[in-house]
Every structure is written in C-alpha cells, then in structure tokens.
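Here's the structure, in structure tokens; my notes come after.
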Amino acid sequence: MLPFPSIDPVLLHLGPLKIRWYGLMYVLGFIASYQLVKFQIKSLPFKPLQSHFENLNIVLILSLIFGGRLGYVVFYNLPYYLKHPMEIPATWSGGMSFHGATIGLIVGGLMFCRLKKLDFWTTADIYVITIPIGLGLGRIGNFINGELFGKPTDLPWAMVFPNGGAVARHPSQLYEAFLEGLVLFLMLWSLRKKPWQSLSCWPHGSLLALFLVGYGMVRIVVELVRQPDPQIGMLFGMISMGQLLSLFMLLSGLGLWLWRMRTNDGNQPLNT
C-alpha cells in the first residue's frame, strides 16, 4: 500500500482569496490548449481560423464551464439543485461533469462556426486533440483533492484516501490522468495530420469522433474500479452514471465516424 501524499488542496492563501490546485489545473489546461491550437493554425492550411482564434477561445472556455456545471446539476444531483437552485452557479463549491462540458463545447463551437462561416469539422479536429491535456491535469487536481477515488482493493499501489474511510482504494484519478490524459493525447496528436492528407480515409471530423470513442472506452473501463457517486450509486444495479454517459459518448463517436466517412468530400475544409 502506498501512502496518500499530504498536499494541501489550497496552493496559496491571498487574504480571503484561495488559489486551489484544482483551479490551477484548469488554467494550465487552457494555456496548453491555446498554445497547441496556435501551433496547429500556423502549420495547417486552414487560415480563416486565425482571425477568429481569440474570440473562439473565449466562447469555448465559457461553453466548457457552463456545460460542465449544468451537466453535473442535471446528470448527478438534480433533486438537490431543484431544492437549492441558488447554488447552481456556485462552481467554486465543486461539481463539474466532463460529459456536460463536452456537450457545451460542441454546441458553443458549432454556433460560433456557423456564425463566422467556419468549417466546424475542421475546427473541431484542431481543438479536440488538445483536450486530453486538460483532462489529465484535471484528474491530478481530483487526486490532490482526495475526491473521485476508487473502490477498495488490496493491490500494492492502493491508497487510503482522507475521505474514503479506513480502507485502501484504487487511485482511479491517476488511472484516468494516464489514460484520458497522456495516452489519449499522444494517440490523437500523432494522427493530427491524417485528415489533411490528400485522398485520406480520415475525413475532417474523424479526430472528434475518435476522441469521443477513445474517451468513452477509457471512462467505461476505469469506472469499473471507481467508487460510484454516493447520491446515485449504480443505476439498475449494474452501471454507473459515468458509464452510461460514456456509452452514449462512444456510440455517438462511432455514428459520427460512419457518417463523416459517407459524406467525405475529399477532405477539403471550407474557406481555406
């Protein structure tokens, strides 16, 4: 058994202001995504995005926060928030859903692209391959907070979490940081040029589809050793909410892949 590292979730105290590791991970994720998207814009033949880059980033950040919070409220704790609606905007008290954030990003990005007449599929592919970095950092933030831990186990790398009782548990946050973060990023980044190759079987939008499938598969597997949310438990006695949402995500990714393959127009994005 490994000892759980004693890391104060609050990085800095500036008077009444508290800077938390979890919040810092969000900031670092945004910065990494910004820089990697900027790098791609310079190297890929999709120039219209350059003039809308800054505004799109703002829209996506707001969409992520709004979608993530609303997703948590609806998917994970709706009865509570129906009784306490004034607490819905209180993101600082915790509670974000990545599935909700994904919906928010897709809707926000789609609306912006239609308004500015950008090709959504090309734009989505450029951005989506940077998302795993934020995912991995966010899971490390969960680990520092001692939340979203795993089920009891006697494996040698198990840990006793401060809020998980006296039993040793899977450090499932670290599993997710590695699989959702590092592995998924390396896979998507290595494939980033595929849709730009002439006569490619990778149409624009295929990287978004691959992300949806990849994340869905990883989340479904890791949820097998992750402690289910206490206010929900196991749905139908056999599946967690995270697994159910990830299954829809996986199926959506497969459907998107097949649809984009059928509508592949030679891999030329609009407004190049």
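A few points about this structure:
- The C-beta contact set for the stretch 206-235 (first residue more than 17 Å from LEU250 (Cβ to Cβ), second residue assigned to a helix (DSSP H, G or I) and aliphatic (A, V, I, L, M), distance under 8 angstrom, 6+ apart or interchain) comprises PRO228/MET241; ASP229/MET241; ILE232/MET241.
- The stretch 112-135 residues that are of a type in the set (Ser, Thr, Tyr), paired with ones that are buried (at least 22 other Cβ atoms within 10 Å of the Cβ) and not in a helix (DSSP H, G or I) (beta carbon under 7 Å, 6 or more apart): THR122/HIS204; THR122/PRO269
- Where a residue in the stretch 33-54 is farther than 15 Å from TRP189 by Cβ and its partner, wherever it lies, is surrounded by 11 or more Cβ atoms within 10 Å (Cβ to Cβ) and of a type in the set (Lys, Arg), with Cβ under 6 Å and at least six apart: HIS52/LYS116
- Among the residues making up the stretch 222-271, those that are at pLDDT below 90 and in a helix (DSSP H, G or I) are MET261, ARG262.
- Which numbered condition GLY15 misses (of (1) farther than 28 Å from SER246 by Cα; (2) at pLDDT 90 or above): (2)
- Number of residues in the stretch 17-39 that are assigned to a strand (DSSP E or B) and surrounded by 12 or more Cβ atoms within 10 Å (Cβ to Cβ) equals 3.
- Unique residue being in contact with a Gly (Cβ under 8 Å, 6 or more places away or on another chain) and more than 25 Å from SER63 (Cα to Cα) when the list is GLY164, GLY136: GLY164
- Qualifying residue in the stretch 210-221 (condition: modelled with pLDDT of 95 or more and part of a loop (DSSP other than H, G, I, E, B)): no
- Residue count, the stretch 9-44 (criterion: touching a strand residue (DSSP E or B) at 6+ places or on another chain (Cβ under 9 Å) and either more than 30 Å from VAL167 (Cβ to Cβ) or of a type outside the set (Gly, Ala, Ser) (or both)): 10
- Residue-level analysis places LYS42 among those that are basic (Lys, Arg), at pLDDT below 90 and either surrounded by fewer than 18 Cβ atoms within 10 Å (Cβ to Cβ) or more than 22 Å from the chain's Cα centre (by Cα) (or both).
- When we screen TRP257, TRP196 for residues that are crowded, with 17+ Cβ neighbours inside 10 Å, more than 26 Å from VAL74 (Cα to Cα) and touching a helix residue (DSSP H, G or I) at 6+ places or on another chain (Cβ under 6 Å), the only hit is TRP257.
- The helices (runs of 4 or more DSSP H) falling completely within the stretch 76-184 that include 2 or more residues that are in contact with a Phe, Trp or Tyr (Cβ under 7 Å, 6 or more places away or on another chain), within 25 Å of ARG20 (Cα to Cα) and at pLDDT 95 or above map to 98-116, 131-145, 172-176.
- A single entry from MET86, MET96 fulfils the requirement of being under 28 Å from LEU245 (Cα atoms) and surrounded by 15 or more Cβ atoms within 10 Å (Cβ to Cβ): MET96.
- Filtered by the rule that a residue be under 16 Å from the mean Cα position of the chain (by Cα), among the polar types (S, T, N, Q) and closer than 30 Å to LYS117 by Cβ, the stretch 55-105 gives ASN57, SER63, THR102.
The values are calculated or read from the model by the stated rules, or taken from the named source; none is laboratory data. These numbers were taken from a predicted model, which means no experiment stands behind them. Backbone-built Cβ (ideal geometry, glycine too); neighbour counts: all protein chains shown.
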